[in-house]
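Structure first, commentary second.
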Amino acid sequence: MPITLERVSYTYAAGTAFETAALDSVSLSIAGGEFVGLVGHTGCGKSTLVQLMAGLLRPTSGKVLLDGKDINLKGYRREELREKVGLLFQFPECQLFETTVERDVAFGLKHLPLSAEEKAERVRWALERTGFSFEQIRHQSPLGLSGGERRRIAIAGVLATRPQILILDEPVASLDPMGRRDFMELISRLNREGTTIVIISHNADILGEYAHRVLVLEQGKLCIDAPVKEVFQDTERLKTYHLAVSQPRHIARLLQQKGLPFPQDIVRYGDLLTGIKALVEGGRER
Ligand SMILES: Nc1ncnc2c1ncn2[C@@H]1O[C@H](COP(=O)(O)OP(=O)(O)O)[C@@H](O)[C@H]1O
Ligand SMILES: [Mg+2]
């Protein structure tokens, strides 16, 4: 299911003294099954962009099309959007409000055309997928849990709706490295099973490792839309857009400076290992 933006602009508080132009004529298209990273300096419009994709904001001008249909046209079935697009907000742990974890995770299923059994099964599945024991956690209050646990509950709430397009706004920012890895493995698995992923993150290692394509926003404009390798190998360009360099790219660059002949396109740990292996084997043959 493709999602397409046609010259989308968005201005907050238009016509007031607080008017802020957040997005300026952004056009892009994401095909079903893609894994896309969305990056850019704070305030460049990333969160605004994903809220437009999820239909939570209406463009000031331009169109958002889901499967070819304009989601902001009168008569568009909003339920379709809610069923197909899931958005995890930037600080999702602040949005839990039900009395039990089970009720919280089930909240987004309320209006879906599923039987009670199907809904219960979805809640169990989502909580288990996010690393909980369903029986142990279901009756607990979300308020008594740690920040990391609350975040996983919020993620379970989005997963339970089984969106075809899953949008994540800085999901790993407050997770520790282990939690980050587990979380990304989960997202990667969902992608391999067919879910489209759009992820906002400042973490170059994570994007380098998992994303296929990267979109770079600057001051509300889409200035790069390219394969991940192309974006993350060009360290000069990364600097221009205030973007971080991935660790493997950084290490390869340091080794290059020491005179070792590494290729320029090392972005992932796998690339680095391949480069080192080639170097060692080449040395042995000589
Ligand atoms: N609710 C809002 N009201 C007014 N301005 C906003 C609001 N949300 C964001 N902005 C402004 O819109 C611009 C883009 O913000 P945002 O989409 O949150 O960027 P990012 O997620 O990349 O940090 C910023 O200048 C920000 O200050
Ligand atoms: Mg943001």
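The values are calculated or read from the model by the stated rules, or taken from the named source; none is laboratory data. Predicted model only: the values in this text are computed from it and were never measured. All Cβ positions, even for glycine, are placed from backbone atoms using ideal geometry, and neighbour counts span all protein chains on display.
When L260 is tested against (1) over 19 Å from the mean Cα position of the chain (by Cα); (2) more than 29 Å from G283 (Cβ to Cβ), just one condition goes unmet, and that condition is (2).
When C94 is tested against (1) under 26 Å from W125 (Cα atoms); (2) surrounded by 14 or more Cβ atoms within 10 Å (Cβ to Cβ); (3) within 15 Å of ligand 2 (Cβ to nearest atom), just one condition goes unmet, and that condition is (2). Per the conditions (1) free of Cβ contacts under 8 Å to residues at least 40 places away in the same chain; (2) farther than 27 Å from P59 by Cα, the sole criterion not satisfied by A106 is (1). Scanning segment 59-74 turns up no residue that is on the phi > 0 side of the Ramachandran plot, assigned by TED's automatic domain parsing to the domain that holds L23 and free of Cβ contacts under 8 Å to residues at least 12 places away in the same chain.
On the given criteria, is L127 within 19 Å of G37 (Cβ to Cβ) and touching a helix residue (DSSP H, G or I) at 6+ places or on another chain (Cβ under 7 Å)? Walk me through how you get there before you give the answer.
Details: within 19 Å of G37 (Cβ to Cβ): no; touching a helix residue (DSSP H, G or I) at 6+ places or on another chain (Cβ under 7 Å): yes.
No.
For segment 135-166, the tally of residues that are part of a helix (DSSP H, G or I) and either surrounded by 17 or more Cβ atoms within 10 Å (Cβ to Cβ) or β-branched (V, I, T) (or both) stands at 14. For segment 29-83, filtering for residues that are outside any loop (DSSP other than H, G, I, E, B), over 23 Å from K239 (Cα atoms) and modelled with pLDDT of 95 or more leaves 16.
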